[in-house]
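Below is one structure; the comments refer to it alone.
The values are calculated or read from the model by the stated rules, or taken from the named source; none is laboratory data. Because the structure is a prediction, the values reported are computed rather than measured. Virtual Cβ from ideal backbone geometry, glycine too; neighbours counted across all protein chains shown.
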Amino acid sequence: MTDIRSYSFDGKRAIIRVDFNVPLHKETMQVQDDKRIKAALPTLNWVLNHGGSVVLLSHFGRPKNGPEDRFSMRHVLPRLQELLGVHIGFSSTLEEGILRSKELNAGDVMLMENVRFFEGETDNDSVLSEGFSKLGDCFINDAFGSAHRAHSSTAGIASYFPEDRMMGLLMKEEINNAQRVLSNPVKPFTAIIGGAKVSDKILIIENLLSIASDIIIGGGMAYTFAKAMGGQIGNSLVEEDRLENVKTILSKANQLGVRLHLPQDSVIADSFSGHASTQITSSHHILEGWMGLDIGPNSINDFKKVILSSKTVLWNGPMGVFEWEPFAEGTKNIALAVAEATSSGAYSLIGGGDSASAIAQFELADKVSYVSTGGGALLELFEGKELPGIRALG
Ligand code: AMP
């Protein structure tokens, strides 16, 4: 695969698929968090500084039936313009985009309307893929967060550029960081897996069983494990239809010599609320009518010891309902332990989504080795799957 650093962009129009699916302020409709836009700037600037012009493709939200103002890419335009420091053209239709792309000069940038407004995008429709390909002379995919989707703008379009398709700098960085953990991680390697549902994380845990030395389980999913082991979990989150999967994971971990760490105690609440009454109990003896919403102090200590003795750490998913202060301690202390391990020389990769928000909330993003911009895409990589957006560039 061609590297963008060895490709000649002189006089070329580069179509760059980015992930500008950013949150907006509800009232002002202005960009609330520009992390994803900033993450794409190195690739954009590379092309612009090397004689090329840029046509940007991105999705934005999940429009169901064609164009809808709240999902228009126009809301992103002002912030992008500020960050890039150049005027940016905008095209709402493919016809207009193709015409205007022919007039682009070196250093020019044009943003296309939300790719999901175009019929066929999510079906990877070949007519649309071909249409998108007419917007430029080469294709760069820098949208790691969308690489697990086989859509026209992420996969189909690449087939029209057999010699001129490339990974962007962000995509490359994401994959290099994931590979550092996936293939031959420095041991001991600890994976910390949390979040609400075990069903979302079964495949990743199964795959990690053959790579990790230790797996720490926290969050709502820990209670399906507790129940599978015969514990009483009150009203805690549970997925009854996953009890058998969890038992298989427990026995596989045992066979493979992977140490599985489960929370021995929990902060329990008498209702699912940030203002509920709370107490600390064993995770296997939760009172009737109460539910576990965070890991307890003994679990924090156990987990910290494991993390601090690791050389590689992967973290995906919070330890509790960290959005509510009374249940944020577990996630906060695990974040601090990951930061401390990193300062002692461990390599740490934080999965996107909620773990990235948690690490940002505790102001520790610059104290870990890498925070991924991909949620679902990173999970799928760690499930051992090949991502269609990356395969299409091969
Ligand atoms: P996920 O998207 O699966 O990573 O889950 C993240 C969500 O899980 C967060 O919004 C947390 O509030 C929630 N969560 C974490 N622990 C618990 C718990 N013990 N009970 C209910 N929800 C939880």
- Query: Pick from region 199-223 the residues that are closer than 15 Å to residue 320 by Cβ and among the β-branched types (Val, Ile, Thr): which of them is nearest to the ligand (Cβ to nearest atom)?
  - Reply: 217
- When residue 95 is run through (1) within 28 Å of the chain's Cα centre (by Cα); (2) farther than 27 Å from residue 386 by Cβ; (3) without any contact (Cβ under 8 Å) to a residue 60 or more places away in the chain, the failure sits at (1)
- Scanning region 307-332 residue by residue, those more than 10 Å from the ligand (Cβ to nearest atom) and either of a type outside the set (S, T, N, Q) or buried (at least 21 other Cβ atoms within 10 Å of the Cβ) (or both) turn out to be 307, 308, 310, 311, 312, 313, 314, 315, 325, 326, 329, 332
- Counted residues in region 352-377 being small (Gly, Ala, Ser), buried (at least 19 other Cβ atoms within 10 Å of the Cβ) and touching a strand residue (DSSP E or B) at 6+ places or on another chain (Cβ under 6 Å) come to 2
- Query: Can you find a residue in region 55-77 that is crowded, with 19+ Cβ neighbours inside 10 Å, polar (S, T, N, Q), part of a strand (DSSP E or B) and in the same structural domain as residue 132 (by TED's automatic domain parsing)?
  - Reply: no
- Query: Which of the residues belonging to region 372-389 are over 17 Å from residue 36 (Cβ atoms), within 15 Å of the chain's Cα centre (by Cα) and not in a loop (DSSP other than H, G, I, E, B)?
  - Reply: 379, 380, 381, 382
- Query: So which pairs qualify, if the first residue must be in region 240-260 and under 17 Å from residue 196 (Cβ atoms), the second must be hydrophobic (A, V, I, L, M, F, W, C) and not in a helix (DSSP H, G or I), the Cβ gap must be under 7 Å, and the two must be at least 6 apart or on different chains?
  - Reply: 242/198; 246/198
- Note on the structure: Conditions (1) closer than 21 Å to residue 12 by Cβ; (2) at pLDDT 95 or above; (3) assigned to a loop (DSSP other than H, G, I, E, B) -> residue 111 fails only (3)
- Return the residue satisfying two criteria in turn: it lies in region 339-353 and is within 16 Å of the ligand (Cβ to nearest atom) and either without any contact (Cβ under 8 Å) to a residue 12 or more places away in the chain or in contact with a Phe, Trp or Tyr (Cβ under 8 Å, 6 or more places away or on another chain) (or both), and of such residues it is nearest to residue 374 (Cα to Cα). 351
